[in-house]
Amino acid sequence: MDEKSLIDRLPDSVAARVRSLKTRDGVVTVILDGSGLDASTRADLEGAVRDLVGQAEGVSEVRVAVMADKPAAPVIIAVGSGKGGVGKSTLTANLAVALARMGRKVGLVDADIYGPSQPTLLDTEGVRPEARGEKLVPVQSRFGVSMLSMGHLVEPGKALAWRGPMASGALGQLIDAHWDGIEVLLLDLPPGTGDVQITMLQKHRPAGAVIVSTPQDLALIDAQRAAELFAKGPVPVIGLVENMAGYTCPHCGEVSDPFGRGGVESAAQAAGLPFLGRIPLTLSLREASDAGKPPAAGDGEVASVFAAIAGKVSDWLDKRAA
């Protein structure tokens, strides 16, 4: 009785699912790949192997284990910018909500360790995540988005005086959490190209990145630096978003562009990158964000803008999976 002869007793379709077969003192241990099989088919497979192997001479016992499908890891998308104050966190929160409304299973990591804002944006302030084993269990927002943030782990308003390695370690704990069933995981990165961004690229390679900028020249220069960082990853840039483009006066209705307009779209075209959309500068967006009511969860013009951007990201996910 040898291992090859035992495997040869099995039909080809069954033998192809043998991950391991070991024999010792008449006891045969078989591990089978049950990927793509329902519970009933797995049971039939186990029974067939037990019968066919058990009939071999010298076999006193057959132990069979059918391994279930390994949960697919979520697709990680980083949302970054070269500088602060361009609305990156607001975009990330609303993009997550808009994707969830499309039926995607969405998770969000607030990787801005020193200035977490997602608990405010998604109305989960004061909520503390539980731990299961050595991993955190994400907090569930009321907008269908699972999330984790340093804001869930420290007292509100408390400053973190951490050096780079400590911040990078904290980011790892947020990403390596129990993201069971999550399809896409958005990372709201801090501004710049420092330790947190480099650690993320090295240890938690995102599948793609979205870059946010205002139209002004200074912000565009920093956004280009962020794009260069992702390119070195290499992490493909899904596209660029122009924020704070166009302000409608609530009194006269006139539209003005205090930060300029079209600069991000032009930069995207020059770099050969997709332009995902333009978000207006509105008082209602700011007020809703401060109140933990992301506009993407409702209706109206701003909700439609976020839905359109999310649609392009969703299309990218579909093409990637094809």
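The values are calculated or read from the model by the stated rules, or taken from the named source; none is laboratory data. What you see is a predicted model; the values in this text were computed from it and never measured. So basically every Cβ, Gly included, is an ideal-geometry build from the backbone, and we count neighbours across all protein chains shown.
Here are the numbers:
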read-out	value
Candidate set from the stretch 269-317 (those that are of a type in the set (S, T, N, Q) and touching a Ser or Thr at 6+ places or on another chain (Cβ under 9 Å)); member that is modelled with the highest pLDDT	Ser289
Answer residue from the stretch 68-87, given it is part of a loop (DSSP other than H, G, I, E, B) and of a type in the set (A, V, I, L, M, F, W, C) and is modelled with the highest pLDDT among those	Ala73
Some residue of the stretch 121-131 being under 17 Å from the mean Cα position of the chain (by Cα), in the same structural domain as Val212 (by TED's automatic domain parsing) and either at pLDDT 90 or above or not in a helix (DSSP H, G or I) (or both)	yes
Enumeration of residues in the stretch 117-135 that are touching a strand residue (DSSP E or B) at 6+ places or on another chain (Cβ under 7 Å) and charged (D, E, K, R)	Glu130
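This table checks each residue for (1) modelled with pLDDT under 80; (2) in contact with an Asp or Glu (Cβ under 9 Å, 6 or more places away or on another chain).
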| site | (1), (2) |
| --- | --- |
| Val184 | no, no |
| Thr199 | yes, no |
| Gln202 | yes, no |
| Ala209 | no, no |
| Ser213 | no, yes |
| Pro234 | no, no |
| Glu242 | no, yes |
| Cys249 | yes, no |
| Val264 | no, yes |
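Here is a yes/no grid of residues against (1) surrounded by fewer than 17 Cβ atoms within 10 Å (Cβ to Cβ); (2) without any contact (Cβ under 8 Å) to a residue 40 or more places away in the chain; (3) on the phi < 0 side of the Ramachandran plot:
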position: Thr23; (1), (2), (3): no, yes, yes
position: Gly47; (1), (2), (3): yes, yes, yes
position: Val62; (1), (2), (3): no, yes, yes
position: Ala65; (1), (2), (3): yes, yes, yes
position: Gly80; (1), (2), (3): no, no, yes
position: Ala100; (1), (2), (3): no, no, yes
position: Pro116; (1), (2), (3): no, yes, yes
